[in-house]
Structures are given as structure tokens and as C-alpha cells.
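Novice: Once you've had a glance at the structure underneath, I'll fire off some questions.
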Amino acid sequence: MILAIGLALRAAGWGLLAVMTLIIGSALADLAAPLPVATRMTLLAIAIAAGLVTAATLAWRDRYVLSLERVALWIEERFPSLEFALATAVETGAPAIASNVAPESWRATAVRRAIRVVRPPFAAVLVAGVIIFVLPSGAVARMRTPHRGDALDRPSRSSSAASRLTPLVADITPPAYTGQRTTTVDEPSDVRALVGSTIAVRGRGAGSGIVARRGTDSILAATENGRWSITLRVDARPTAVRIVDRGFQRIIAIEPVTDLPPIVSLLTPARDSVLRTPMGRIALSADASDDFGIASAAFEYIVSSGEGENFKFRSGTLGATQPNARRTTINASLSLESLGLNPGDIVHIRAVARDGNNVSGPGIGSSETRTIRIARHDEYDSVAVEAAGPSDEEKSVISERMLIMLAEALEKARPRIARDSLVSEARSIAADQKRLRRTVGEVVFTRLGGESGEEHSDEDSPARAKTMQDMLARADSATNRSTDPIDFGGGESPVVAINKPLLEAYNAMWDASTELEIAEPGRALPHMRRALAAIQRARAAERVYLRGRPPEVVVDVNKVRLQGKDKGTSSVRRPNSAADSATLRRIERFTNIVELVGRDAPAAIDSLLILRIDALGDAPSFAAAIGEATNAMRRGQSAAATEALARARRLLAGEPIARDSLARWGVVP
Amino acid sequence: MTSEFVFATAQYESGDWDSAPLLPANIIDTIARYTEITVAPTGVVVPLSDDRMLRYPLLYLTGHLPVRFNEAERRNVKRFVDRGGLLFIDDHNHDIDGTFHKTATEEIARTIAPLAELPNDHPLYSAFFKFDGPPTTSHELNGWGDNLVHKHLLAVQRAGKIAVLFSNKDYSSEWNYHPESKRFLTVDNTRFAVNLVVYALTA
């Protein structure tokens, strides 16, 4: 047992020595040149592994100390007088054989042996301990427990004239509601943090004379335990903080990260609905998720009643929950009877979730809105069926068909009847054709906003439309709304497009009646058939109902120009610059910074950081490329920096313009 | 983009965007009456979901009913504001407890940023005519709405410039009459619209 303990201690001692030796070596290397946290963590892992392997190897080699037979032989070897009594007793399992043997005789030998094997490693461990003790404070700690922010623990022999801004550490503490832990960044230059976070920038030495400048604000450093610190709060806007120590300065770009509002999806009802009666229950279901947690969620409904200028609203919530989880599902049931709905009322339903953001929020997310409308009594054809005549177009079709049949019969009978009868019959059909043409004309002119029956006043007027183009020109004139973006149609308004077949029928009927007037039914028939086809096209045409078009008032600008009784002034204002001018200024600034890279890389990095802060709001992709460039420049990765800068430049220039063909010579595209 | 100013009314999918149909003509008349700004004789209605809304420096949006932008509308409104446009929203209910106010302000907060009170000495109030704040309308105490005289307009500002202007004054009712009727007024109640347009067109 004594031997086993001694050998175990020896294995542990050599293992410990291996660990200490590697740590001391790493600490010395770190003293010479600071090792990154990742490297130090790797070295620590290697040291521990080396210690374990050493101890395990020695323990394996000495494993026979646990064998009674081997121990008995080891004792017999040193005490021949035992004459194998001990070994025989162990081998046969008969202790009586060795009953006359006194163990005291070899116990002292075993103790001496155990002490002898332990002594070297523990002496070495003692020496290593002394070395660790004499190493500068913090040197071993950086190797023993490497972590971000321990740059301040690294021993330094810098003079008082040196910058106190290196090394620099920033502790970022997110707002309490997020439940996230503080993170530490070494040598911060570009910090991303949630809005409302605090950033404690720390450095070595007293804080006197160290100041952080953010915009017009100046924050003095505080001193505690021989270290200075400045606490900054992350605002909603990106900022560049300039920390100054005498002639030294560091720039830290703070990029705020916004706590996103919850994302809410309304699962049921899946679509808008119209209900005949306000009865029954509607099942409501929604999913909500958030990046940090949903504090509350509920369904909201608004009941709108009324029309025109007189609306009344009621609202309420349903199914309110406080899940305090990142994802939740809410369910509720809406009783339509309880809302006291009337025909025409509309219920707007949506799900709303709030996060726990008590700094810049709460962030409120809402789903799409579904509407449940209660139908008015008069909007169901199946309920209120009233006899109605065919539409105007329908009547015209029937009449035109009848006239064509009459004309065909007359043309067929033409060889058998007298000229007077032919003329009389043809003029009779012409009169009907004229009547029908007036009906079609009324339809068209009513649609175009003209007065019904316009044709009555210009029966033989020279100003009447002679051709379809003439008629269309009139229609365009009557509906001159070409400035309206709703009417983008490549020169033809939808009003004219819809009426075009009827206008064509109108003109064809005109030509037909002219032929019939001179008793030429055969020559009138093609025109009549063209009119019929046009009417059929009009019937099949898609109806477009323009919603909410306000009555159009065209202001006579020249007439009222400067006729106002009051006079104002706008002396101090200047025209807005075009949207692209800001981009041009940014391109120029970026170009200047890129030129600076070759001459003064640190200054260029600082300038890029400030440019990045300016661009974060309106050009996030460009800002991201700048961030990559500065990181690569700090690491000395020239190729990566160049690639990122080139990408940033391309992003500034915008998408390339694609053209179908080459531009004309001399024309700047 | 044309060189003349075109008064644009924003059309959105939800709500009654066309509740003040005579207002555009009245504003156009006012602009011509007091300034030399080249102005189109008629306004336009432009869907918020249509990229063509980005052509106009000033967009007028009103209504009584809930305002819920769809994704395309939300995206375009954001682009419009990012490009320096001014979105003028007027609550036709003139009711801070009303559904238009609640939904529209919420939609703007979601799309752009939360609205904040606009100081009554803001350059908007001296961009052309001098005002001590938003002019009061005859509709604010007409028995409808919240029956309050609203002391401030609300706004979202970008780099010191108004990006979204929100009014509970009900200018949509106040200015919604035929411009010919302006001659019967002792004081032209649409003069503030000149400030709006001048502000939107200048910096």
C-alpha cells in the first residue's frame, strides 16, 4: 500500500511538473510577445493533456504495484531469509504459511522506497513553483485562465509617456431584459451591441487626461485599482467614439443592434370573409416569435360601423397571454353575437405581440389583418331577385340580329319587288338602324361622362364623328385624364379601351343606315354584321371598375397664379439636392480614403470606420463591406482588404445599367 | 421625374384613401395662388405599392378606416422616406383615440420610426408663411372626433428633416372644397399647405 501511494504520487508529480513547465514556457513566450486568447487556450489544453499523459504513462508502468504476487516477489528479493514463504502464502491463498513472518522488517524498506521515488518530481515541482512565483504578476494567470479582457493583466514595462489606450478592453453588457451575459472584447474598434447596452472601455493606468468624445459630448475617464474606465451607452444611432489620451487616440465605432419586434403570423382565420348574419364563433390562432422573448401576446379586433364621413369604432382584445418565451402560439375564440354587429359592419382582426424591451421598446409585432364583414341585406342577388330587362348591349344584339335578318330577306327579295317597295322597305330598316345606333350612342356617351342623348342634337351636324378614329378622339377629349398614373396604358385610357367595340359598332351602324337609306341592303349587310360582332365583343369585354376616383377638378393655374391676398417668403430655403448627390459625395470621400491606405494605413482604418458609421443607416451593405475591409487591414490581409474595398466601391456605384442595345454614338448613357 | 410639382395622393389597400377628393385641386390652386412653383393643374393618385410613388417629393395620405400597409406598400414607403420624400398623413377622424390614428401611427412606427411631437418653432412653420404652430381647423371642435385642439403635429425626422408628418388637425376636411369657393373666405385656410409643399421641395 505504501509503495502504491508513493508511485501514484510520483506519477502525479511528474504530470504536474509537465503542466507547470508548459505553462511557464507559454508565459515566457507571452511575455515576449502577447499571445492571442485562442492560442493561450490551446496551449493550456496541451499542457493539461501533457500532464495527464505523463501521469497516466507512469501509472501504467507502475501498475504491478497493485499485484500481490509481484509485491511479494519484490519483498522476497530484498529479504531472502523469507525463503519464499510470503510468495507461497500469496500464491496458495494460505496465510498460515507466512504466519511466522513479521511485516515490520520490510515496512521500513517500503517507506524508504516510496519516499525515494516521490522526492525528484516534488523537488522539480517546487522549483517550478518558485519560477512561477518570481514571474511577473498576471503572466501565469493569463496562461492559467485565458479569457477575453485579460490583456490588461499582461505585465508591461511601458513608460509613463506611452499610450494608455493600448491595451484596450471593452465589456459589453446588454440590457437586463435580454437576460444575456456581459461579453468582453479585446482591442475594440468596431463594436456591435444592442440598443440600451452599456460599454465599459477599460485600460491600464490612471484615468486623468483620458477623455471619450462622442459628437459634442465628452466623457472623462474614472480610475479604480490603477485602471481607467469610461462607460458608454449604446444609442439607437451608429456613433464613432474617439478616445483621446494626450497625443494618442483610438476610435471605436459603435453599431447599434436593434431588438427586432416579434414576428406574428395569423393562422386562422386564413382569409377575409363576408358573413350573411353575425352569428357563431370564429376560432383565432396565431404564432409569435421573438429574438429575446415575448412578454405578451393577444388578438386585437376593431369593429368599424358606418359609411361616408360618419364612422364609429369599437375595439378590444382576446386571448391575452404572457408567455415569456421566444416562441408561442395563442388561441382564442371570437363570438360574433357578443359584438352586437349590424349589417355592413366590419370586424378587423389581427394578432399582436410585444417583447420585453423596456429600453427602446416595447417592440410590437402584428400579423396581417383579416376582415369579417357582415353583408348588407340588399347585396344578395339570391335573396332579392327582381325581374330586370336585358342590358343595353343585350338589347342591341337582339335588335341588330333582327335588322340583319330583315336586310337579308329584303336583299333576297330584291329581284322580285318594285323599286319603290325596295326603297320603302330599306328606309324602314334604316330608321330602325338609326334608332338602334342612338341607343348604342347613349350607352357610350353616358359612360364617357357626356350627356345622354347627345346624338339627338347633332343628327346632321357637320361636327358629328365621321370615323371611328374621330369618335375615339372625341372620347379621349371627353376623358382627358392622361396625367393620372392609374391611366398608365401607353396612350389609351381604359375608358376608351372598354368603349372601343361599342364605338366601332356605332360607326358601323352609321354606315349601314347610310346604305339602307339609298336602298342598298346588300351593301349595308357587311356593316351590320360588323356592328353585331363589335357588340358581341363589347359584351365579352372585361369590365374594369375604377374605385374611388375623385371628381376631377382641373385648376387653371395661369389664371390664379399669384392672385392670393397674402404674401409669404421663403428666402432662407434652397432647393433639395437630388437623391444621388449624397452618393456622389460618399464616393468622393471613399476614394480619398482608399488613396490614404498606402500612405497611412491606421489613419485610413479610422476614416473607414467613421465612413462606415455614416453609412450604416442608409447603406448597410456598403457599411458591411467597409467593416470587412477594416478587419482585413488590421489583420494585415491585403488581398482580403482589397477585395472588400472593391466590393464596397461597386456597392456605392449601384447596379449596372442593363440596356437592350448600344446607345447612340456621342450620347452619354 | 417632371420638373413641375405634382400633388400626389397616396392610395393604399386598406381604408378609404379617397375620402378628401377635392383637397388636391384646392392645394394646387393655393400653390399657384401664392408661389411661382410650377405646378401640374391636376393631382395624381398613386398606389403606394407602385414604384411610381417614388417620383413624387410629397405624398398625401388620409382616411378614416384602419391603415394596414401590405408588404409592397411598407417597402415602398420605407424607400420613399429613405430617398428624402415627405409623407404627409392627415387623420380624417381628427381623433387621437380613433382607429386611423392608432393604426397609422403604429404602421409608421413599424415601417419608419415612432412619431414624436414636432416643435411649433420648426422650420416647417416658417417655410413660407409664418405660423406659431399648426393652424387650427374649424373641424377640430365640431363635435366629432376627440374634440381637442391639437397643439402639435407629429413627425419622424431624418437628419433634421421631416420624413413623415402626421396631423390630427383634419386638414382633409378643412381643405376639401372646390378651389372656386376660396373667394368666399376672409382668410385663406389652406396657406399652411404652401409651407408643406415648399418645405417638401426645399431644404
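The values are calculated or read from the model by the stated rules, or taken from the named source; none is laboratory data. What you see is a predicted model; the values in this text were computed from it and never measured. For neighbour counting, all protein chains shown are included, and Cβ atoms are generated from backbone atoms with ideal geometry for every residue, glycine included. Please note that ligands, DNA and RNA were not included when accessible areas were found on the heavy atoms of the full protein model with its side chains. Shrake-Rupley method; radii C 1.70, N 1.55, O 1.52, S 1.80 Å.
Novice: Need one value: the accessible area of residue A:401 in square angstrom, 1.4 angstrom probe, rounded to the nearest 10.
Specialist: Residue A:401 has an accessible surface of roughly 110 Å² with all protein chains in place.
Novice: Please report the net charge: other residues with Cβ closer than 9 Å to the Cβ of residue A:347, K and R +1, D and E -1.
Specialist: Computed value for this residue: +1.
Novice: Work out from phi, with θ = phi - 60° and the Karplus expression 6.51 cos²θ - 1.76 cosθ + 1.60, the ³J(HN,Hα) of each residue of region A:220-236, listed in order in whole Hz, and give x for Gly and Pro.
Specialist: 7, 7, 9, 10, 8, 6, x, 10, 9, 8, 10, 9, 10, 10, 7, 8, 6
Novice: What net charge do the residues around residue A:648 carry, taking every other residue with its C-beta under 11 Å from that of residue A:648, with Lys and Arg at +1 and Asp and Glu at -1?
Specialist: Counting the neighbours of residue A:648, the net charge comes to +3.
Novice: To continue, here is another question. Mind giving me the FRET efficiency for residue A:53 and residue A:104? R0 is 51 Å, r the Cβ-Cβ distance, nearest 0.05 is fine.
Specialist: After rounding, the FRET efficiency stands at 0.85.
Novice: Project the alpha carbons of the protein assembly as shown onto their principal axes and report the range along each, largest first, in whole Å.
Specialist: Between the extreme Cα coordinates on each principal axis of the protein assembly as shown lie 166, 76, 67 Å.
Novice: In region A:19-153, how does Rg compare with the Kirkwood Rh, expressed as the Rg/Rh ratio over alpha carbon atoms?
Specialist: 1.26
Novice: Let me ask something additional. Mind listing P(r) for chain B? All alpha-carbon pairs, 10 Å bins, whole percents.
Specialist: Binned Cα distances yield the sequence 9, 39, 41, 11, 0.
Novice: Quick check: net charge around residue B:147, other residues with Cβ under 10 Å of its Cβ, Lys/Arg +1 and Asp/Glu -1?
Specialist: For residues surrounding residue B:147, the net value is -3.
Novice: Which distance in nm do the two modelled labels at residue A:272 and residue A:375 give, with both placed 7 Å along the Cα-to-Cβ direction?
Specialist: About 1.6 nm, to one decimal.
Novice: Roughly how many nanometres apart are two label points built 7 Å out from the Cα toward the Cβ at residue A:211 and residue A:223?
Specialist: 1.7 nm
Novice: With 31 Å as the limit, write out which pairs from A:559/B:78; A:565/B:169; A:559/B:130; B:78/B:182; A:312/A:565; A:567/B:151 have Cα-Cα distances beyond it, or answer none.
Specialist: Over 31 Å apart, Cα to Cα: A:559/B:78; B:78/B:182; A:312/A:565.
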